[in-house]
Every structure is written in C-alpha cells, then in structure tokens.
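Throughout, read-outs are computed from the coordinates displayed, never taken from laboratory work. Since this is a predicted model, take the numbers as computed values, not measurements. In this analysis, Cβ positions are derived from the backbone assuming ideal geometry, glycine residues included, and neighbour counts consider all displayed protein chains.
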Amino acid sequence: MKHAILLIIILAVLFLPTPSYAEDKGPETVAVEATEKGWRYFGIGDKATALKRFRQATILDPGYAPAYYGVAYIYSLQDRLSLAIQYYRKAIELADSPDTHAYSNLGLALIKLGKRAEGLQMVQKALAIDPDNSEAHIGLASFYCAEKNGKLAREHLERGKSLGAQPGPELIGLLKTTCP
C-alpha cells in the first residue's frame, strides 16, 4: 500500500503542470529577449528569423517600441516601405524618448516612397534631436538627390559617411546618375 501511494505521489509530481518560461517572466522581459534575439539573427544575416523574433516581441508586449523598430527596419530592407512606415510610426509613438533612428529611417522610407515633404520633416526631426545622426544625413542626401540638388546631396552623403553611415549602392548609384 505504501508503495502504491508513493508511486501515485511520484507520478503526480512528474505530471503536474509547471509554469512556462514566459509565465516566469513578465511580458516586457520576454519581449526584450525576443528583440535581442532578433538583432542577433539579423547580425548573422538571417533576416527572416529576425523578423519573426521582432514580430513575436510585438505580440508579447504590444507596448515595446524597440520591437516595432526591428520589424520596420527589416521591412525597409525588403523594400516593403508601406509596412516599414507603419511600424516606424508605431515605434515613434511608443518610444519613451524620441528615437532619432526611427525618425531618420521613417524619413528615408517616406522619401523613397515619393512622400518627400513628409520625409524631409522626419529627417529634420531626427537632426534636431541629434545633429550627428548619420542616417538622417543619408536621408537628406536622398531628399536632395530627388530634388536634383547634387551639391547638397553629396555634402550630406559625405557627412553621413564621416559619421559612420554605410549608404547602400542604390543611393550611390542614384547620386552618380541623377545628381551629378
């Protein structure tokens, strides 16, 4: 009889539900970890998995701005600009403090989509917060190139590069052909 009771207790302990990993931590912590994983996947070139992790983070904590920024950034790289714009706006809305990278990348996406006036406003907001934002200078280079002002486009391209920006070949090619 004692063995039967002992066996029942052992089986009960083994099969009792245990709290999951997500239940042990708050949604913010899990969202932060998912976003960090997303950037690690991005760092090794796995953008598809990075996007999954960022989207997972937005579900785990719908108020976590950096997750929305990650989603937007991947969509920008995929030239899914309408979606990128939507997620950059959400990241800006949710951010505790102004996110110059979200503003500058939103501006660049808007400029690429042909919404140059609004894009310029976003890039200018980024520069008002941080005059040394390299991405914002690249955004201005794109804006001025679209406006056929090669001189200012090249100035901002060089300023952005001097601050560490790595402009894509698309912009370099555009500057050579459109903004001589």
Inset, instruction - Note the direction-averaged projected area, equal to a quarter of the hull surface, for the Cα convex hull of region 80-139, in nm². - result: 3.5
Legend entry - From phi via Karplus (6.51, -1.76, 1.60), per-residue ³J(HN,Hα) for region 33-41 in Hz, x at Gly/Pro: 5, 5, 5, 4, 4, x, 5, 5, 4
Legend entry - Over 18 Å between alpha carbons, listed pairs LYS151/LYS176; LYS115/LYS148; LYS148/LYS176; LYS90/LYS125; LYS52/LYS125: LYS52/LYS125
Legend entry - Net lengthening on full extension, GLU93/GLU147 (0.36 nm per residue, minus Cα-Cα): 16.5 nm
Legend entry - For region 154-169, Karplus couplings with θ = phi - 60° (6.51, -1.76, 1.60), whole Hz, Gly/Pro x: 5, 4, 6, 4, 5, 5, x, 5, 5, 9, x, 5, 10, x, x, x
Legend entry - DSSP-loop trypsin sites (Lys or Arg not before Pro) across region 79-180, with at most 12 other Cβ within 10 angstrom: LYS148
Inset, instruction - May I ask for the distance between the Cα centers of region 128-180 and region 27-96, given as a whole number of Å? - result: 25
Inset, instruction - Could you work out how far apart the two model spin labels at GLU118 and THR29 are, taking each label as a point 7 Å from the Cα in the direction of the beta carbon, and quote it in nm? - result: 4.0
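Report the local net charge at GLN56: Lys and Arg +1, Asp and Glu -1, summed over other residues whose C-beta lies under 13 Å from its C-beta.
+1
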Inset, instruction - With θ set to phi - 60°, apply the Karplus curve 6.51 cos²θ - 1.76 cosθ + 1.60 along region 57-70 and write out the HN-Hα couplings as whole Hz, x wherever there is a Gly or Pro. - result: 5, 5, 6, 5, 9, x, x, 8, 4, x, 5, 5, 4, x
